[in-house]
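The values are calculated or read from the model by the stated rules, or taken from the named source; none is laboratory data. As the structure is a computational prediction, the values presented were derived from the model and not from experiment. Backbone-built Cβ (ideal geometry, glycine too); neighbour counts: all protein chains shown. The area values use the complete protein model at the heavy-atom level, side chains included, leaving out ligands, DNA and RNA. Shrake-Rupley method; radii C 1.70, N 1.55, O 1.52, S 1.80 Å.
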Amino acid sequence: TQQQQPEATTTTTTKSHHSKESASSWVLHSTLDGIHERTIRCVAFCPLSSSCILAAASFDATVTIWEYNQETDQWDCTTQLEGHENEVKYVAWNATGSLLATCGRDKTVWIWETFLEGSIGGSTDNEFECIAVLNGHEGDVKCVKFAPSHGIWGDGDEIVVSASYDDSVKIWAEDAGDWYCAYSIQDIHKDTIWSLALSPGGGRLVTASADGSLAILKSYTPTERKELFPELPDGTNGIWKCVGLLEEAHMSTVYCIDYAPARAGHG
């Protein structure tokens, strides 16, 4: 597990001229290059309002962290995270910007604690530390997302949800600082699960698969689990159950799915 400072940063910046004609238009501001050597598969903005930070996952087995410098009006690559054995497929921040999750072809999910200025426990050093490497999938991990635990999973505030080439979804929870696989969802899709989307409240999960289908899952509390599913063994964690399967949603692979925001009246 390594965090290294890039030897050089190449950024091409195109400044926009704000006028009445272009006020509502999108213009190219910057092209970020010179670091990754292969395909960039996923990018994600950090949710911190105090700074503008971007994470990029690449097939060169690294994740770069880019920060916008207001003084120079440029993006600088400040950190390059190493550890995955090969292609990194996805990167996701938690709601507070204090954690970053990455996943890849090596069948693992990595959780990084961030020490970004403005985040919980952060500093001006903006460092990253790997706090967990999660093994359990039997194939490429295609997507990873954070969701609130609502006290249902472990003793942490959040869970991590991952989707894989092995046709499964896994729920990872934290207990006393240790991350573990709390639940595995299988036998819903017949092929690779490419994408995940969680409702704003975290009570619903939608999965998208190479079999052309979409599945809607609902989270149940341990009490609901005992009352509604008495055939299942007792457990301290909750449970996810498929409550809807759109088997013919598409005629081919569904690569990406997203959930409507809370104001749309869902979740």
Output yes when any residue across the stretch 160-171 is surrounded by fewer than 21 Cβ atoms within 10 Å (Cβ to Cβ), of a type outside the set (S, T, N, Q) and part of a strand (DSSP E or B), and no when none is. no
Going residue by residue through the stretch 172-185, is there one that turns out to be more than 19 Å from the chain's Cα centre (by Cα), crowded, with 18+ Cβ neighbours inside 10 Å and not aromatic (Phe, Trp, Tyr)? no
The condition from (1) at pLDDT below 95; (2) closer than 22 Å to Val63 by Cα that Trp153 misses is numbered (2)
Count of residues meeting criterion [open to solvent by 60 Å² or more (accessible area, probe 1.4 Å), part of a loop (DSSP other than H, G, I, E, B) and of a type in the set (A, V, I, L, M, F, W, C)] in the stretch 247-262: 2
All-but-one check, Trp179 against (1) within 25 Å of Ile53 (Cα to Cα); (2) in a strand (DSSP E or B), failing number (1)
If you go through Ser213, Ser209, the only one that is touching an Asp or Glu at 6+ places or on another chain (Cβ under 8 Å), over 21 Å from Gly104 (Cβ atoms) and either in contact (Cβ under 8 Å) with a residue 40 or more places away in the chain or hydrophobic (A, V, I, L, M, F, W, C) (or both) is Ser213
Qualifying position, being part of a loop (DSSP other than H, G, I, E, B) and open to solvent by less than 40 Å² (accessible area, probe 1.4 Å), among Gly235, Gly244, Gly151: Gly235
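Residues that are open to solvent by less than 40 Å² (accessible area, probe 1.4 Å) and of a type outside the set (Gly, Ala, Ser): find the strands (runs of 3 or more DSSP E) completely inside the stretch 39-94 holding 2 or more of those. Give the derivation first.
On the way: elements: 40-45, 53-58, 62-69, 74-82, 88-93.
Those strands (runs of 3 or more DSSP E) span 53-58, 62-69, 74-82, 88-93.
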